[in-house]
Every structure is written in structure tokens, then in C-alpha cells.
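Novice: Okay, here's the structure, questions in a sec.
The values are calculated or read from the model by the stated rules, or taken from the named source; none is laboratory data. This is a predicted model, so every value here is computed, not measured. Cβ coordinates were reconstructed from backbone atoms using ideal geometry, including for glycine residues, and neighbour counts include every protein chain displayed. Accessible surface areas use protein heavy atoms only, side chains included; no ligands, DNA or RNA. Shrake-Rupley method; radii C 1.70, N 1.55, O 1.52, S 1.80 Å.
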Amino acid sequence: MRYEAKTIPEGINTSKENPLKEFFLLVGGAALIITCIIMLALYASDYLVKYIPIEAEQRWFSSENFSNTFSSESEMIDQERIDVENYLQDLTDKLQDEQHKRFSFKVRLVDDDIPNAFITPGGNIFITLGLLKTVSSENALAMVLGHEMGHQYHRHPIRSAGRGIIFVLAFLALSGFEGNEIAQSFIGNTASIANLAFSRDQEREADHTGAQLIIKQYGHALDASQFFQQMNKMEEQHSNIPVFLRSHPGTEERIELLNTYEDKASGEISPLPAFVTQYLSQ
Amino acid sequence: MIDLSIFLVLLGLGYVFGFIAEKKHYKSILKRESATINLPCMTLKKPPANLRCKTRLVAGNVVVSVDFFKRFLAGLRNLFGGRVKSYETLLDRARREAILRMKEQAIDDGAKVIMNIRIETSSINKSSGRKQSVGSIEVLAYGTAIIPSVS
């Protein structure tokens, strides 16, 4: 036996490949798979949520859960305020559609000077004082209410809530179940999850439904776009855009959409009742 | 968000320092390997008969640690399967370093050949906690150094 000194060649037990390449490949692959899974979950949630009966949704998200979320503490025995709320509720009930009579709504007033209106799952509509001050007639107010009702007819609130749950679950799973604070804040504060932005297509759908509802009620859609025109003016005057507008299609687009309804109409514009304007001027 | 940025910083540090350490180590290994190349290491158990010599146990061991970047890459490989290339260089370095240290100990004693060499690997701190823990491995190479008698 003879020994011959020889250097062992490199690269047999190792690889010359740059680890960064492997890193980006694997991370990219993992991210792609996770994104696909989440998107599948979102589509599934969107599809299945429609099968929740409206009565169940109204039970789960009943108005008691939101009783003190947005109102100020001093709404104890302010009869005038209660009258205004009742007026809003009556208007909403009048606008109700025959084919959607299983849907019920609860309208509440919010003490905020910024014009805003939103709907949560369960059919809870919130209108701010600021919005009431901005509308110039009952027709315009009915348009806003009809728009929110339209969201509920198309089940947009519960669909947004379903998507929100998927995101929270995905976040929990990816953060390794350390996010107990997240779970608690979700469970304890459903209102904020329900108060999610709806997509622009959903907003357009709600606009159409709102216009149809006020045509059914008043016979015309005049002044429906008044509120948006007012908002447009405010947009130009202040850079401080109300939250209401941020997730919605451009105001001019909405005004155009509603003008197509108004063109075919003629009729009277009803003003807001006197006791409402009186309350607002306080 | 803070968690993510801490994670990325650790990843970056692991990559940079791991890369530097690895390069330095390989340079040192190649240099010392060419210096000790004339000392054969064999896995044969018995020396040739009638050889008058002294024998001694020689051993070299080394502990190498995984950096955060390598560990993360291996974790991803756990998902997808395949060669864990990030660990391959680590173990290669550890093994060669251990053998070199054994050879250096033998050369110190004046040995001409090392027989019956064996290599053992064990891991330290592997599963002491959460997935964020970083592990190290110890490689031990040992053999019988054959030191020929003078007469």
C-alpha cells in the first residue's frame, strides 16, 4: 500500500449555489402559497356568507350590542333627540322594499359633526348629526338611507365581516398564536370589524338600490344627488375629507349615476320636518 | 410590525456574519489541509504486523453554531423538502476542522499515520425551546496515531 498525498476536490459535499437565491425562491414560494390559501378562504367566505339567513344575522348583531358604541352618554331623556331618531326610523321603514321585507333596520343618531353614515351587520344604520345638517331635503336624506339599506339588501356588511374574520385568522395563524390581544380586541369590539370599507363595486350597487328605493317612495329621484354635490363642494373647500368619502367611488361619478335617474323624473321635493331642523340648529 | 422588522434584522445579521465567518473558516481549512496533507488518515483498524511503534489516541473536536439565516432556510426546507444546502456547508466545515485538529495533535506527537479514525456528531441546544432557538453541533474525530519507534 502506498500513500499519495492528494487534495480532495471541493463541491462534493457542498453546493456552490448562493444561499440568497435559495432563500428568495423558498420565501417567494411560501408567500405565494399562503396568498393563494387566503384568497381561496376569502372567496369561500364571500360565497358561503350569503347562506346565513338574515334573521340569524340580525340576532347575532342585534342593536343591543351597539347600544353605547357611538352615542354620547347624555342621551338620557332628550325627547327631541328621540323624536328625530324615530323620524329616521319611520323614514327607513317607509323606504322598505316588498321583496326584502325579511330585512329589518334599526336607525340611530350619532353625535358627530362630521357628515357620515354607515351600516353594520344586522341592519344597524348610524347617521351623524353632521350629515343631517348637510342634507337639504328629505329626498336627499332618503337617498342616503336607501344607499345604506341597499348595502344590507346585497348582504355587504356580513360579507365584509366575514372577510375581516379571515384576515384576523390568517394573521393569528402566521404570528404563531401569540396574538391574544388581537383575538380579544376582535371579540370585544365587533363594531370596528363590521365597520369596514365596502369595495367600490359594492358602493355602486348600493347607489343603484338607493335610487330605486326613493323612486318607489317619492315617484322621482330629484335631489338625490344633492348630498353628493354638497360633499363635492366641501371636498374642494377643505382638504379634510370626511371618512365617508374615502372608500367610495369618486363623487362626480356618483352624481352622474344619480343624474340618470333624475333626468326621467318630475315631482316635488319634500323638505325635512320642522322639528328636525329645529333640533339641528341647537 | 416590530416583530417582523426584528426578524428581518436578525436574518440579515445572520446572513452577513455567517457568510463572513464561513469564508474565513474555509480559507483557514484549505491552508491547513495543504499543510497537513502528508499525514495519512485511515479508517483501517489494524496497523501492519511487525511494525514497531508507539500508539496514542488523538482526537479533535469542534463546536459550530448555526446562524439565524441558515436556521430559517432549513425551516423552510422542512416545509418543502429537498437538500438543506445551508446545513451542508456547516457540517462539511465542522468535519474537516475536527479532522484537522486531530491531525495537528498527531503531528505534535510526531506521528506518521493515523489509523482507525472515526467521526461522531452530536447536537447541542437543539430543542431547548421555541422555534427561535439556535442550535450548535459538535463534531469529534478520533483515531490511533502511529508513532514509529526510533530504533
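Novice: Within segment A:35-54, how many residues are modelled with pLDDT of 85 or more, under 20 Å from the mean Cα position of the chain (by Cα) and either β-branched (Val, Ile, Thr) or closer than 16 Å to A:Gly122 by Cα (or both)?
Specialist: So the answer is 5.
Novice: Here's a follow-up. Does B:Val63 satisfy the criteria of being open to solvent by less than 80 Å² (accessible area, probe 1.4 Å), outside any helix (DSSP H, G or I) and either away from chain A (no Cβ under 11 Å) or at positive phi (or both)? So that I can check it myself, show each step before the final result.
Specialist: Numbers: open to solvent by less than 80 Å² (accessible area, probe 1.4 Å): no; outside any helix (DSSP H, G or I): yes; either away from chain A (no Cβ under 11 Å) or at positive phi (or both): yes.
No; evaluated as a whole, the condition is false for this residue.
Novice: Mind listing just one residue for me: the one in segment B:110-135 that is in contact with a strand residue (DSSP E or B) (Cβ under 7 Å, 6 or more places away or on another chain) and either small (Gly, Ala, Ser) or modelled with pLDDT under 90 (or both) and, of those, nearest to B:Leu13 (Cα to Cα)?
Specialist: Residues of segment B:110-135 that are in contact with a strand residue (DSSP E or B) (Cβ under 7 Å, 6 or more places away or on another chain), as a first pass: B:110-125, B:134-135.
Adding the requirement that they be either small (Gly, Ala, Ser) or modelled with pLDDT under 90 (or both) leaves B:110-111, B:122-125, B:134-135.
Values: B:Gly110: 43, B:Ala111: 42, B:Ser122: 26, B:Ser123: 23, B:Ile124: 22, B:Asn125: 21, B:Val134: 14, B:Gly135: 16 Å.
Restricting to residues being in contact with a strand residue (DSSP E or B) (Cβ under 7 Å, 6 or more places away or on another chain) and either small (Gly, Ala, Ser) or modelled with pLDDT under 90 (or both), the top hit is B:Val134.
Novice: Check whether at least one residue in segment B:25-41 is open to solvent by 40 Å² or more (accessible area, probe 1.4 Å) and assigned to a loop (DSSP other than H, G, I, E, B), and report yes or no.
Specialist: Yes, that holds for at least one residue.
Novice: Right, something else. Can you report the number of residues in segment A:1-58 which are part of a helix (DSSP H, G or I), farther than 17 Å from A:Gly162 by Cα and within 14 Å of another protein chain (Cβ to nearest Cβ)?
Specialist: Within segment A:1-58, residues that are part of a helix (DSSP H, G or I), farther than 17 Å from A:Gly162 by Cα and within 14 Å of another protein chain (Cβ to nearest Cβ) number 16.
Novice: Just checking, does segment A:134-149 include any residue being buried (at least 21 other Cβ atoms within 10 Å of the Cβ) and part of a strand (DSSP E or B)?
Specialist: Checked segment A:134-149: no residue is buried (at least 21 other Cβ atoms within 10 Å of the Cβ) and part of a strand (DSSP E or B).
Novice: Let me spell it out: the conditions are (1) surrounded by 13 or more Cβ atoms within 10 Å (Cβ to Cβ); (2) modelled with pLDDT of 85 or more; (3) more than 10 Å from chain B (Cβ to nearest Cβ), and A:Ile82 meets all of them except one. Which number is the exception?
Specialist: (1)
Novice: Another question about this same structure. Kindly indicate the residue of segment B:77-91 that is facing another protein chain (nearest Cβ under 9 Å) and surrounded by fewer than 18 Cβ atoms within 10 Å (Cβ to Cβ) and also farthest from A:Lys21 (Cα to Cα) among those meeting that condition.
Specialist: Taking the candidates together, the pick is B:Leu91.
Novice: Oh, and also: Inspect segment A:92-113 for any residue being in contact with a Phe, Trp or Tyr (Cβ under 9 Å, 6 or more places away or on another chain), modelled with pLDDT of 85 or more, acidic (Asp, Glu) and in a helix (DSSP H, G or I) and give the result as yes or no.
Specialist: Within segment A:92-113, one or more residues are in contact with a Phe, Trp or Tyr (Cβ under 9 Å, 6 or more places away or on another chain), modelled with pLDDT of 85 or more, acidic (Asp, Glu) and in a helix (DSSP H, G or I).
Novice: Right, next: Would you point out which residue out of B:Lys54, B:Lys103, B:Lys45 is farther than 30 Å from B:Val9 by Cβ, at pLDDT 85 or above and assigned to a helix (DSSP H, G or I)? Step through it out loud before you land on a result.
Specialist: Values: B:Lys54 fails: assigned to a helix (DSSP H, G or I); B:Lys45 fails: assigned to a helix (DSSP H, G or I).
Being farther than 30 Å from B:Val9 by Cβ, at pLDDT 85 or above and assigned to a helix (DSSP H, G or I) holds for just one of B:Lys54, B:Lys103, B:Lys45, which is B:Lys103.
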